[in-house]
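What follows is a set of notes on a single structure, which appears directly below.
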């Protein structure tokens with residue numbers, strides 16, 4: 001006589017063993033893919049993990065002649081040095097000022113431009129607009145900086161245009177006026193990157209169900225209402241992601257831009273953290289001091305990333321991790 005189903009005996013494999021077997025089986029079934037990723041992992045270890053050993057320089061009075069091993073250990077002296085250095089805090093203020101201007105002006109412009117491009121219905125015109133907006137991103141700051149220096153010179157077209165409209169009587173040396181540098185740095189960076197920044201938003205918009213727009217049209221919703229109630233909520237996740245990443249990069253300014261547009265006249269407002277580190281390491285040879293500043297910048301960026309992620313999760317119920 002057969003035993004009831006509840007009384008039958010089963011060999012039960014512990015869940016931990018099942019997980020181990022399934023992972024091993026999945027790995028062996030994907031060994032070709034696993035093999036393909038190993039070169040990337042090796043390169044990551046060589047160029048990203050091993051160089052972290054160089055952070056020890058921040059705690060030494062490093063000399064290239066003595067090397068890592070023989071350079072004397074000084075503890076936190078390098079950190080104390082830049083925390084009492086007025087030049088460091090001056091460059092920090094410039095960095096935050098320029099980065100916040102880029103965030104406040106550039107971040108909304110990326111979303112607005114993406115919405116405008118998404119609403120275009122003429123395919124060829126839409127592609128042309130996207131290409132034109134992307135183009136500056138692929139140019140180096142050496143090229144774009146040279147263009148800006150030429151345009152903003154006393155004989156450049158900006159001064160010529162303003163004088164033709166009788167808005168100014170004499171040419172303005174834009175890059176020689178420290179008070180204008182923040183604006184020039186912010187708007188030139190936005191000009192270069194705003195088109196490229198629309199890519200993720202456009203990709204997110206393409207995933208929104210067209211039936212939602214059709215239903216909104218039937219209900220009599222205007223185009224603005226459709227954008228406000230359908231498009232923006234549909235890209236809320238990617239907007240949150242980009243906002244958190246932008247907040248975390250406030251300390252990191254564009255070194256190439258600073259080095260190209262920087263000159264002795266605007267140095268007081270153009271010296272940012274990255275250019276300050278470059279100056280201390282490459283021109284003064286103080287590698288320990290520069291490394292300590294870089295470490296602090298990385299720590300602050302991580303803290304700002306965590307704070308931005310916490311705030312978006314608390315007020316927007318969306319998080320990236």
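Read-outs: derived from the displayed coordinates by stated rules, not from any lab. Worth saying up front: this structure is predicted, and the values here are computed from it rather than measured. A quick note on method: Cβ atoms are made from the backbone with ideal geometry, for glycine too, and the neighbour counts reach across all protein chains shown.
The alpha-carbon atoms of the stretch 179-321, seen along their principal axes, cover 68, 32, 23 angstrom, with the largest extent given first.
Using 0.36 nm per residue and subtracting the Cα-Cα separation, the extra length available between residue 158 and residue 70 on full extension is 26.1 nm.
Label sites at residue 77 and residue 232, each approximated as a point 7 angstrom past Cα along Cα to Cβ, lie 5.6 nm apart. Let me know the shape class of the stretch 31-163, please: from the alpha-carbon gyration tensor, a ≥ b ≥ c as square roots of the eigenvalues, rounded when a/c is under 1.5, otherwise prolate if a/b is greater than b/c, or oblate. Taking the square roots of the gyration eigenvalues as a ≥ b ≥ c, the stretch 31-163 is oblate. In the elastic network of the chain, a GNM with C-alpha springs shorter than 10 Å, the most mobile of 286, 85, 256 is 85. Taken over the alpha carbons of the chain as equal point scatterers, the Debye sum produces base-10 log I(q)/I(0) values at 0.07, 0.09, 0.11, 0.13 Å⁻¹ of -0.48, -0.73, -0.99, -1.19. For residue 26 and residue 109, a Förster radius of 51 Å and the Cβ-Cβ distance give a FRET efficiency of 0.70, rounded to the nearest 0.05.
What the Cβ-Cβ distance of residue 209 and residue 47 gives, at R0 = 51 Å and to the nearest 0.05, is a FRET efficiency of 0.75.
At full extension, residue 183 and residue 166 could sit 3.9 nm farther apart than now, given 0.36 nm per residue minus the alpha carbon distance. Please work out whether the stretch 16-59 counts as rounded, prolate or oblate from its C-alpha gyration tensor, where a ≥ b ≥ c are the square roots of the eigenvalues and a/c under 1.5 means rounded, while otherwise a/b larger than b/c means prolate and anything else oblate? Taking the square roots of the gyration eigenvalues as a ≥ b ≥ c, the stretch 16-59 is oblate. Judged by the mean number of other Cβ atoms found within 10 Å, the most tightly packed of the peptides 165-176, 237-248, 29-40, 101-112 leads the ranking 237-248, 101-112, 165-176, 29-40.
Mean separation of Cα pairs under 8 Å and 6 or more residues apart, divided by the residue count, gives the chain a relative contact order of 24 percent.
Label points 7 Å out from Cα along the Cβ direction at residue 36 and residue 298: separation in nm? Taking the two extended label points, one gets 3.1 nm. Of 223, 126, 26, which has the largest mean-square fluctuation in a 10 Å C-alpha GNM of the chain? Evaluated over the chain, the most mobile residue of the options is 26.
Between the beta carbons of residue 138 and residue 310, assuming R0 = 22 Å, the FRET efficiency works out to 0.05 to the nearest 0.05. Report summary: the helix-based calculation at 222 nm, which adds -39500 (n - 2.57) for every DSSP H run with n ≥ 4 and divides by the residues of the chain, gives -18500 deg cm²/dmol. For residue 245 and residue 63, the difference between the fully extended length at 0.36 nm per residue and the C-alpha to C-alpha distance is 62.0 nm. When the chain is treated as a GNM with alpha-carbon contacts under 10 Å, the residue of 249, 301, 153 showing the greatest mean-square fluctuation is 153.
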